[in-house]
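Asker: Quick one: structure below, then a few questions.
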Ligand code: CO
């Protein structure tokens, strides 16, 4: 499975995007308001960075930032068949955050695995 993106929680996605564009020679390829977040995708050529800025404190990312501060939030792997990937994870005994795939940003279909069963890493499967 190929790395798709690393998700980063931030209070200011636009400023962080500007810095990352300069530091990493990345291209800002997508911006979207999505489910309580302003989301920016930066294209690195072989993977993306997804910057997640909450639109309020009572949002998933808002609560995450309040507890953990800014930083790496999740790692996403791309799959051609998210149903199959999720079934495999379930068969491996991994706890699922999303029992079924759901709509994600940028028109993708996503499902998250619980970090307690993946080495403490919040893992996202994404199907483009
Ligand atoms: Co993501």
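Asker: Quick one: of the DSSP bridges fully inside the chain, what percent are antiparallel, nearest 5? Kindly include the intermediate steps, with their values, before the conclusion.
Answerer: Details: 29 of 38 bridges.
The antiparallel proportion sits near 75 percent.
Asker: Do the sum for the chain: with -39,500 (n - 2.57) for every DSSP H run of n ≥ 4, divided by all residues, what is the mean residue ellipticity at 222 nm, to the nearest 500 deg cm²/dmol?
Answerer: Details: 3 runs with 31 residues, N = 128.
It lands at -7000 deg cm²/dmol.
Asker: Could you give the C-alpha radius of gyration of the range 1-64 expressed as a fraction of 2.2 N^0.38 Å, taking N as the number of residues it contains?
Answerer: Details: Rg = 11.7 Å, N = 64, 2.2 N^0.38 = 10.7 Å.
Here the Cα radius of gyration is 1.09 times the empirical estimate.
Asker: Against the empirical 2.2 N^0.38 Å scaling, what ratio does the C-alpha Rg of the range 74-121 come to?
Answerer: 1.08
Asker: Does anyone have the angle between helix 13-24 and the longest principal axis of the chain? Alpha-carbon axes, 0 to 90°, nearest 10?
Answerer: 90 degrees
Asker: Per residue and in cubic angstrom, what volume does the convex hull of the Cα atoms of the chain have? Mind showing how you got there, number by number?
Answerer: Details: hull volume 13.4 nm³, N = 128.
Residue-normalised Cα hull volume stands at 104 Å³.
Asker: Using the number of other C-beta atoms within 10 angstrom as an exposure proxy, rank 83, 99 with the fewest first.
Answerer: The order, fewest Cβ neighbours first, is 99, 83.
Taken together, the values in this text are just the output of simple stated rules run on the coordinates, not laboratory data. What you are looking at is a predicted structure, and each value in this text was computed from that prediction instead of being measured. Quick reminder, even Gly has a Cβ in these numbers, built from the backbone with ideal geometry, and neighbours come from all protein chains shown.
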